[in-house]
Each structure stands twice: as structure tokens, then as C-alpha cells.
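The values are calculated or read from the model by the stated rules, or taken from the named source; none is laboratory data. These numbers come from a predicted model, not from an experiment. All Cβ positions, even for glycine, are placed from backbone atoms using ideal geometry, and neighbour counts span all protein chains on display.
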Amino acid sequence: MVTVVFLGKLADLAGAPSLSLGAPLDWAGLRAALPKALAEVLDDPRNRVAVNGVLVADKAGLRAGAGDEIALLPPVSGG
Amino acid sequence: MRDIRLLDRLFIPGALIGPFTNANPGLGGVCTFVGEVRSDNGVEALELTHYEPLTLPGMHELADSAFARFDLMGLLMVHRVGVMHPGEPIVCVSAAARHRRDAIGAVDFCMDHLKSAAWFWKREKRSGQWHWIEPREQDRADLARWHEPI
């Protein structure tokens, strides 16, 4: 399984702080598994993606395997 | 002396400063900033969310940048996460240096980066409802000051 973690207001759109999806998972598979409103928001370049704590430069090239953790990160609002 | 921490419960900044100062013998100055939850706009509570794999490593990278940019002897950077109430401290940054400008500059530098480039998400509770806080343009402008060509 791949764990998907939603940060900030993305957790509200997802309806939960995290989700488990089947592996392997690519960008199209992730978008398809999420509520439509959330999938559309993710296309906004200000929303970043990390896999296992490393930011992904090209979201469309996302590849996650079993045991990986994907984090969906909206713009930070600061400390 | 370098002390970088994320805390999930109330802390007393004053209790950190004495030991931090003592841990940097021979210093010429210490500059400390403490940020607290403001009690304006009917804010009942503030919640800061972080993402473990990015937030603390990001604070360590910020400390590395501060040590590279300023002539520091020590840096203390403590940040709260979780639910806080007005009057509670959110952040404490303290820098010890041989000369005041490095201490003052390092604290200013760290605060501007913590306020707009660190991995935190913030929401406020007003009238019993939670509202996410969007990034502020002023915070971005404050950050940009450090990246202008010299």
C-alpha cells in the first residue's frame, strides 16, 4: 500500500488526514482515487508533492511503490 | 551551541534563554525573539500543523544557512506545533555572537524564513469555527529582503 498524507486545508478537501491506496501508484492513479475537487486543486503548481520526505520536481512523473508515503502540501502559512 | 526543536506543548522561553546563554561562554551579545499568539480579531485558538519528514529538517537547513551567513557562536530555534491559545509562545529564536549585528541579523533572518518558508500550516478558531490562514504577502516581502543581490 501507498500512504497518502494531506496537509493543511487539503485534509479538509480529502475528508481525512491520510489515505491508503494500492501500489504502485502514479500521478493519474492518485488523481483518480481522490475526490474531484481535490484532484483539480492538486494541479495548481503552488501545491507541492513529496515522496518519502523528498519534494517531487515534476508531479506528473510521480511514482510510488509499496510502503512509500506521498505527502500533498498546500502553500505554507508560516509559523 | 545549536539547539533546534519542535515542541508539541507549552514552553517557557525564559527557561531556555539562561541555559543557552551559559552554553556560549565568551559571547559578546545575545538577541532573542519570542512570538506569541495574538489575542486580536476574536481568535480563540491557533493550530499549527507540521509534516515530520520536512519541517524539522527544514529548520536544520535554515540554521545551517544562518551559521553560513552570520558569524554565530550559538543558535536556539524552538517552534511550537499543535493547538495554542492567545498569550502562549509559538516561537523562540535566540542567537549568540561575538558582535551584536550578527546576533540581531541572524534572529531577523531566521524569523523571516520561519514565517514564510517553513513547513507549517496554520488555522485559527474564531466563534467556534476553524479557518485556514493563507500565506501573507508581507511575509513574502520580508523573506525577499534576504535574497536581493548585494
Exercise. When you go through B:I90, B:I104, B:I150 one by one, which is the residue that is modelled with pLDDT under 95 and either in contact with a Gly (Cβ under 8 Å, 6 or more places away or on another chain) or away from every other protein chain (no Cβ under 14 Å) (or both)?
Worked result: B:I150
Seminar exercise, completed: Checked pairs for region B:12-34, first of a type outside the set (G, A, S), second assigned to a loop (DSSP other than H, G, I, E, B), C-beta under 6 Å and 6 or more apart or across chains, list as B:N24/B:M1
Seminar exercise, completed: Picked from region B:33-60 (must be within 15 Å of B:R5 (Cβ to Cβ) and more than 10 Å from chain A (Cβ to nearest Cβ)), the residue surrounded by the most Cβ atoms within 10 Å (Cβ to Cβ) is B:L56
For this session: For residues that are more than 9 Å from chain A (Cβ to nearest Cβ) and closer than 16 Å to A:G8 by Cβ, scanning just region B:110-129, find the one that is surrounded by the most Cβ atoms within 10 Å (Cβ to Cβ).
Result: B:E124
